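Notes to accompany the following structure.
The values are calculated or read from the model by the stated rules, or taken from the named source; none is laboratory data. None of these values were measured; they are calculated from a predicted model. As a convention, Cβ positions derive from the backbone with ideal geometry for all residues, glycine included, and neighbour counts pool all protein chains shown. Side chains are part of the model used for accessible areas, which takes the heavy atoms of the whole protein and leaves out ligands, DNA and RNA. Shrake-Rupley method; radii C 1.70, N 1.55, O 1.52, S 1.80 Å.
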Amino acid sequence: MGVPSNESIQFCIFDLRRGQNEGQELDKILFFFPAGFPFSKQLSVIGLSEGLITFTRIFSPEAACEVIEAERHSHVFHEAEPDIWMVMVVEKSNDSDPIWRDDALRKVLKEIHSLFVMFHGSIREMLEKEPGGGLTRQHLYSFIMDYLMACKKLSPGNCCCDFQAGKKLLLPSYRDCLKERGTVQMLTIGREAALEVQSLVRVLESSDGNTLCYSLILFQDLLVSTTLSPDDTINLFTYAVLRLTPHALSSGSSSWSYLRKGSTVSNAAPESNMTHPNSMSESFYGSSDISSGEDGHYHVVRPLQSDKWSKGKDGYLVTDLWGAEVGTWVFATPTVWLQQTGEKLYLCVYQHRSLTLMLMIPVSSVPNGEQGVAEVRQRIIENASLKILKVEEKLSKGWGGENAYHVGGYRYLLVDGDRNVSRASPATKVTTLTKESLLAMNKLRQEVELEKSRAKLDRCNFEKDLDICIRAKNNAWVISRVTRGKELYMVLEKANETLLYASDAVEKFSDSMTGIAMEHFHWTKENRVYASREQHVRFSNLFSSVEFSHH
């Protein structure tokens, strides 16, 4: 198939509008992993991808190619921007059950692009400003390698880091089948606490005078409130959990990462040429030392570097990742781009104990640069400090700990794909499942995703209800239930031998969820969301209980 057999994973980004003339083929390559591949092999992988894209367009001109399954490899595609493609080629294992899910790999590609655009703007706009492509390659190479790099510190309770462990690249596998990337996890709070949160949000919104500021509030690693659009909320939430929450600051690791003790080497790429490109690719991608943020004449902002954020004496988090204001030793305030509006915003992060507040201030509303930002930050402290203390106190009193949403005897995942919200069993509980159970669930999820893809190609909404129970090799029950697009996945390893027993266990799960208090998520016209407690939830109404109510 044109893919070198001695490497199990290749990941590339290329532009179909570039490098179409003879002798200019390298112009189309924007990123390639492993960077140490000879250019001839890089062009071979990209050429094959181009051919598959062109061929599939004959049969489906309106729907972009997503996955091609070959005998030995899976080719996963994502058209990040018009004619800019991200492709991952993954070698298949020898096991009968797949260890990867194509949809999970595509979500990795989507997340990389979404985060990149949030910090740097679109790839196409960067290429238009600098047609040579060198600056774009340098940004992509630094950003993606930071995304893939292993964290140096491990969380004692989580025993996990990012995608790259030492010199081996790990990707989401069957061990992560009860997780859902590209969703937020929310904290369920009582009505009294919700009113306090709303009061705090109103103060934060008005912190810049007449200009409306955006805010996002987290408690621990869970979302409490947001005034951003759903897509922007996911991006900021992902970054917060990765680098900004107390857990991320203390451990240097991310709660959504994938490396676990006992992960098999079949999930990893060989170490050769993993992080050390050869001299030719060093020049092509900008720098051989990805620990540096400078490239002679231009400072490359690298927001995903680990251990670069710290808490200042005033409670605000500080970092030198964005450099310093010209002519001063004052660290530049981080900036982000909103996906929904295209606005450029200053990002100010305040932390009090387990509460993290992210305040986004339009750059256009702050005429005096860093001095103006400092004034806004000071006003926030003056106006909101008491409310911040009260909210943190109330949320801490109602916090049930990391196992707050655990249901004894069940390992589950609930997903509302329309609203990008999920809830799952704690990771420490999922690790107790056997490999056979996880493989069976991974395979079941692959089948559900295939049905969803077929419905998408048929141009119909995925309203089809699915109710699937599978008996795994270890006699565990693996269950999927899809109702109105809301999805429940469940593993029962201590179930009896009958299907009736498994069905009754699902109904008992409903009663257990009553005690946990499933939440209603309320989206207002201003995209404000918070979670409020509901005490009477039956499984028959489980999915409707996580629907959003529009005011």
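Within the range 181-206, being in a helix (DSSP H, G or I), open to solvent by 10 Å² or more (accessible area, probe 1.4 Å) and within 23 Å of Ser385 (Cβ to Cβ) holds for Glu192, Ala193, Leu195, Glu196, Gln198, Ser199, Arg202, Val203, Glu205.
Just one of the numbered conditions (1) under 19 Å from Tyr147 (Cβ atoms); (2) open to solvent by 20 Å² or more (accessible area, probe 1.4 Å) is not true of Gly47: (1). Kindly establish whether Phe116 is modelled with pLDDT of 95 or more and under 22 Å from Thr341 (Cβ atoms). Considered against the rule, which asks whether it is modelled with pLDDT of 95 or more and under 22 Å from Thr341 (Cβ atoms), Phe116 comes out as yes.
Every residue, every condition in (1) open to solvent by 40 Å² or more (accessible area, probe 1.4 Å); (2) free of Cβ contacts under 8 Å to residues at least 60 places away in the same chain, yes or no:
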position	(1), (2)
Phe55	yes, yes
Glu66	yes, no
Ser74	no, yes
Glu79	yes, yes
Pro82	yes, yes
Val89	no, no
Val108	no, no
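Name the single residue, out of those in the range 347-381 being assigned to a loop (DSSP other than H, G, I, E, B) and not small (Gly, Ala, Ser), that is surrounded by the most Cβ atoms within 10 Å (Cβ to Cβ). The selected residue is Val366. Flag: Ser114 does not match the condition of being under 22 Å from the mean Cα position of the chain (by Cα) and part of a strand (DSSP E or B). Looking at the structure I just gave you, is Leu395 farther than 30 Å from Leu488 by Cα and not in a loop (DSSP other than H, G, I, E, B)? No. The single condition from (1) at pLDDT 90 or above; (2) in contact with a Ser or Thr (Cβ under 8 Å, 6 or more places away or on another chain) that Glu436 fails is (2).
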